[in-house]
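The values are calculated or read from the model by the stated rules, or taken from the named source; none is laboratory data. Just so we're clear, the structure is a prediction, and the values are computed from it rather than from any experiment. Cβ: placed from backbone, ideal geometry, glycine included. Neighbour counts: every protein chain shown. Side chains are part of the model used for accessible areas, which takes the heavy atoms of the whole protein and leaves out ligands, DNA and RNA. Shrake-Rupley method; radii C 1.70, N 1.55, O 1.52, S 1.80 Å.
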Amino acid sequence: MKARERIAGGALRTPLVLLDLPDVPWRMHLKLETLQPIGSFKLRGALNAMRLADPSALKRGVYTASAGNMAQGVAWGARAMGIPCTAIVPEHAPQTKLDAIERLGARVVKVPFETWWRVIEEHGDPGIEGLFIHPVADPAVIAGNGTVGLEILEDLPDTEAILVPYGGGGLISGIAIAALAKRPGVRAYACEVETAAPLSASLQAGSPQTIEHRPSFVDGIGGRSVLPEMWPMVRGLVEGSIVVTLEEIASAIRLLAERIRIVAEGAGASSVAAALKGEAEGTKIVCVISGGNIDPKKLARILNGEIPS
């Protein structure tokens with residue numbers, strides 16, 4: 001896959017490790033995207049899109065709309081290329097992620113959630129200079145994300161199910177396309193949080209749905225709707241959506257920290273929370289731990305048995 005060659009030297013090939021849980025009837029492996037240089041899988045898609053772009057289009061810089069992780073990926077790539085970067089972020093974005101974006105040299109623009117979501121829906125903001133790197137609905141971003149699926153099937157060829165945190169569909173689409181090419185029949189499940197599960201609502205209705213979005217400590221997944229341009233692809237690739245509660249995600253974060261010393265953010269731990277519900281078919285399951293950029297104070301509260309806001 002050319003995307004893998006394109007992102008080499010930036011994004012890492014991350015390990016697949018076994019989470020040994022004797023009390024469950026399946027083997028659960030974890031794809032640790034928390035180990036990427038920015039602590040998230042987003043570097044893969046961002047780099048692939050930026051390295052594919054026409055150099056003349058990059059002269060004025062780049063920008064994206066992100067709750068934090070995609071912005072870090074684009075900022076990391078922009079710094080390496082020596083071009084300016086702007087990140088449009090929702091007002092509820094965690095300070096930990098905002099600090100990381102600024103450390104990478106990007107300018108942060110905070111906007112209300114509705115404005116931020118409109119930028120995603122409209123593929124850009126005329127008031128911001130530069131090339132817009134869409135966090136989800138960009139074929140180059142999806143292809144970069146697909147390298148996760150390639151690595152999973154190379155490391156565990158008999159994988160039966162892959163559980164993927166669902167934000168906008170770019171990660172699960174890329175993974176499913178790559179995985180199905182190597183192993184037809186492998187199942188891809190989306191993992192959503194109860195406070196914002198538009199895919200579950202859309203699958204039930206048979207068409208893209210807009211839902212009420214409630215902010216929570218799970219900030220890396222959960223949009224207001226399924227993007228219409230993503231719906232045909234996602235509907236054809238995803239086995240189903242497994243919706244988990246905030247309590248289940250917090251429990252999964254604690255499990256990962258206590259059992260194997262892995263720090264996952266809410267979105268990243270949603271795949272483990274979903275697997276523990278037992279709704280995915282298969283005895284060899286891979287959970288994509290998509291990111292680990294959680295606010296330290298919120299992590300401390302979760303480890304103390306609380307549910308942060």
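At-a-glance table
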| quantity | calculated |
| --- | --- |
| Candidate set from the range 27-78 (those that are among the β-branched types (Val, Ile, Thr) and within 25 Å of residue 153 (Cα to Cα)); member that is surrounded by the most Cβ atoms within 10 Å (Cβ to Cβ) | 38 |
| Number of the condition not met by residue 31 [criteria: (1) closer than 23 Å to residue 178 by Cα; (2) basic (Lys, Arg); (3) part of a loop (DSSP other than H, G, I, E, B)] | (3) |
| Failed item, numbered, when residue 165 is tested on (1) touching a strand residue (DSSP E or B) at 6+ places or on another chain (Cβ under 9 Å); (2) surrounded by fewer than 20 Cβ atoms within 10 Å (Cβ to Cβ) | (2) |
| Wholly enclosed helices (runs of 4 or more DSSP H) of the range 109-206 bearing at least 1 residues of a type in the set (D, E, K, R) | 113-122, 139-155, 170-182 |
| Selected residue (only one of 282, 305, 222, 278 is under 15 Å from the mean Cα position of the chain (by Cα), part of a loop (DSSP other than H, G, I, E, B) and on the phi > 0 side of the Ramachandran plot) | 222 |
| Residue in the range 100-120 that is of a type outside the set (A, V, I, L, M, F, W, C) and either in contact with a His (Cβ under 8 Å, 6 or more places away or on another chain) or within 24 Å of residue 164 (Cα to Cα) (or both) present | no |
| Cross-chain or 6+ apart pairs with Cβ under 6 Å, the range 168-183 first and more than 26 Å from residue 118 (Cα to Cα), then part of a loop (DSSP other than H, G, I, E, B) and modelled with pLDDT of 95 or more | 179/186 |
| Cβ pairs under 8 Å, 6+ apart, first in the range 206-231 and open to solvent by 20 Å² or more (accessible area, probe 1.4 Å), second among the hydroxyl-bearing types (Ser, Thr, Tyr) and not in a loop (DSSP other than H, G, I, E, B) | 208/202; 208/225; 209/202; 209/225; 210/225; 211/225; 220/40; 224/210 |
| Which listed residue, of 176, 181, 273, 267, is out of contact with any Pro (no Cβ under 9 Å at 6 or more places or on another chain), open to solvent by less than 10 Å² (accessible area, probe 1.4 Å), under 24 Å from residue 4 (Cβ atoms) and not charged (D, E, K, R) | 176 |
| Residue, most open to solvent (accessible area, probe 1.4 Å), within the range 79-97, restricted to residues that are under 20 Å from residue 129 (Cα atoms) and part of a helix (DSSP H, G or I) | 79 |
